[in-house]
Amino acid sequence: MRKGKNKAEEDFDILKTNYKKLRLTIKTARLGKTSLQWRQEIKE
């Protein structure tokens, strides 16, 4: 196996992970609350 391909695959995985986090952040922002605020509400 070539290291170049592994690096590309790793970069792609990181990109996918970051994209998922970004989507989640956008969804949360749309609701007008941060995940921290949600956690505090759930605890109460």
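Taken together, the values in this text are just the output of simple stated rules run on the coordinates, not laboratory data. Note that the structure is predicted; figures quoted are calculated from it, not measured.
Can you tell me the equivalent ellipsoid semi-axes for the range 2-42? Use √(5λ) from the Cα gyration tensor, largest first, whole Å.
So the three semi-axes of the range 2-42 are 33, 10, 4 Å.
Show which lysines lie in cross-link reach of Lys5 when reach means a straight Cα distance below 26 angstrom and same-chain residues fewer than eight apart are skipped.
Partners within reach: Lys16, Lys20, Lys21.
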